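Worksheet: the structure to be examined is printed underneath.
The values are calculated or read from the model by the stated rules, or taken from the named source; none is laboratory data. In this text, all values refer to a predicted model and were calculated from it rather than measured experimentally. Heads up, the Cβs are rebuilt from the backbone with ideal geometry, glycines too, and the neighbour counts pull from every protein chain shown. Heads up: the accessible areas ignore ligands, DNA and RNA and are worked out on the full protein's heavy atoms, side chains in. Shrake-Rupley method; radii C 1.70, N 1.55, O 1.52, S 1.80 Å.
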Amino acid sequence: MSAQKMDFIQQELLEVKKKCQQQIEGSELVACVPVIVRVHMIKTKHKQLTVCLQFSKKYPDTPIVVELKSKTLSDNLLNGLERMAENEAKKILGQQQVLPVLKFIRNFIDENPLCVCSEEIRFIKRDLISDCDDLKLKQKTSQILLKTVQDQYYMNLRITVPDKYPIEQVSIDTSDHNWPELLKTNFLSQAVEISRQCVQPPLKRKPKDPPFEPKPAIRPICEFLIRDCIKKYPRQTCPVCNERALSENPKDIVTQPFDAKFVERVYCGHLFHHGCLDQYLKTPPFTGGKKCPSCGLRIYHNKWKVTPELAEARWAHQEARKRELDEVVDFLE
């Protein structure tokens, strides 16, 4: 490297030492020598990275070499940001590049709040949604917009990611859907509970449990909403009658809570027709509570809170009355 270029670099390093921490918020100048410039940037606990810049032999006529390191941001994101930063450096060949590149990287972190969940978003695109679905990122409002479709059913989901994610809880709601209102409420309330459990320690901690650490919630929320609900339920059959639980056309959904074809979701997650579930719960055996025919777990539902003993007693009483009526009919005939 010529003496002229070395003087250029020395002058630039003086500028970096003078202006870096003044002009770039949340930055710490760790090293600033001709071999390497290393700057640590932090916005939140999970939005921080270290920028390593090295001068090439023909600098500044060639772009500065950028390497990014982070314990919280994904490698895919960092690799993409490295390429973007080097492209930014190519726009100012022949000029000082360190501060402009550092400012570019800081602006990217500020203007792309969803960078903290980039790996989860990548998982959703790769493993959860299909060609008929749609995913949009709203960086200005830090929102993930998802339209998920299965057959004729759809749900538009909006996930708002707080600045301090994953320490703070995400919020989930829906802007439009054509599902039964009861199921929609059930889906969202359970998704909110998943989100809460990711940021709040359990009320009763077991002695051998490790200290609680908040964890990312977007992936488990979307796995539940997309894979376990929206993609599954339109084709699920009632375990009693083996017919589709939901009507094929959402316009034909039964909305009367006690109609025989009204859809009920029990604790284990399976769907039943109201009439089928009512009949099944009132038919023996009752020992140990009624079990779901699909998964074998005990059935719990707010509409049916009768104990196994009381259910059996009622069934026995009903059978006795039936026998009495049959005897009367036989006598009259």
Among PRO201, ILE253, PRO239, flag the residue with its Cα farthest along the positive direction of the charge dipole of the range 134-255, charges on Cβ as +1 for Lys/Arg and -1 for Asp/Glu. PRO201
When the C-alpha atoms of the range 2-84 are aligned to their principal axes, what extent does each axis show, in angstrom, from largest down? 41, 26, 17
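Leaving out ligands, DNA and RNA, what percent of the accessible area of the range 88-174 is carbon and sulfur, probe 1.4 Å?
Carbon-and-sulfur percentage of accessible area, whole number: 46.
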Count neighbours as other Cβ atoms within 10 Å of each site's Cβ, and list the GluC sites (Glu not before Pro) in the range 4-74 that are DSSP loop with at most 13 such neighbours. GLU25
Student exercise, the chain dipole from Lys, Arg, Asp, Glu Cβ charges, in Debye to nearest 20: 1320
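Measure off, as a whole percent, the carbon and sulfur share of the 1.4 Å-probe accessible area of the range 177-312, all protein chains present. Mind dumping the intermediate values first?
Working: 4320 of 8050 Å².
Here it works out to 54 percent.
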Among the trypsin sites (Lys or Arg not before Pro) in the range 74-144, which ones are in a DSSP loop with at most 13 other Cβ atoms within 10 Å of the Cβ? Mind listing them? LYS91, LYS140
All other residues with a Cβ under 9 Å from the Cβ of LEU146 taken together, and with Lys, Arg as +1 and Asp, Glu as -1, what is their net charge? +1
Put one equal scatterer on each alpha carbon of the range 137-268, apply the Debye formula with no solvent term, and list log10 I(q)/I(0) at q = 0.14, 0.19 1/Å to two decimals. -0.72, -1.08
Cα coordinate range in the chain, projected on the principal axes (Å, largest first): 121, 48, 25
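What number, rounded to the nearest 500 deg cm²/dmol, is the helix-based mean residue ellipticity at 222 nm of the chain, given -39500 (n - 2.57) per DSSP H run of at least four residues and division by all its residues?
On the way: 8 runs with 114 residues, N = 333.
One gets -11000 deg cm²/dmol as the mean residue ellipticity at 222 nm.
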Shape box of the range 156-196 [Cα atoms, principal axes, largest first, Å]: 34, 17, 6
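State in Å² the accessible area per residue of the chain; use a 1.4 Å probe, count heavy atoms of protein chains only, and round to the nearest integer. It would help to have the intermediate numbers written out before the result.
Working: 19370 Å² over 333 residues.
I get 58 Å² per residue for the chain.
List, in the order given, every pair from LYS103/LYS147; LYS17/LYS164; LYS204/LYS290; LYS69/LYS140; LYS215/LYS303; LYS140/LYS164 whose Cα-Cα distance in the structure shown is over 27 Å. Each step should come with its number before you reach the end.
Working: LYS103/LYS147 35 Å; LYS17/LYS164 29 Å; LYS204/LYS290 29 Å; LYS69/LYS140 25 Å; LYS215/LYS303 35 Å; LYS140/LYS164 15 Å.
Too far apart for the 27 Å limit: LYS103/LYS147; LYS17/LYS164; LYS204/LYS290; LYS215/LYS303.
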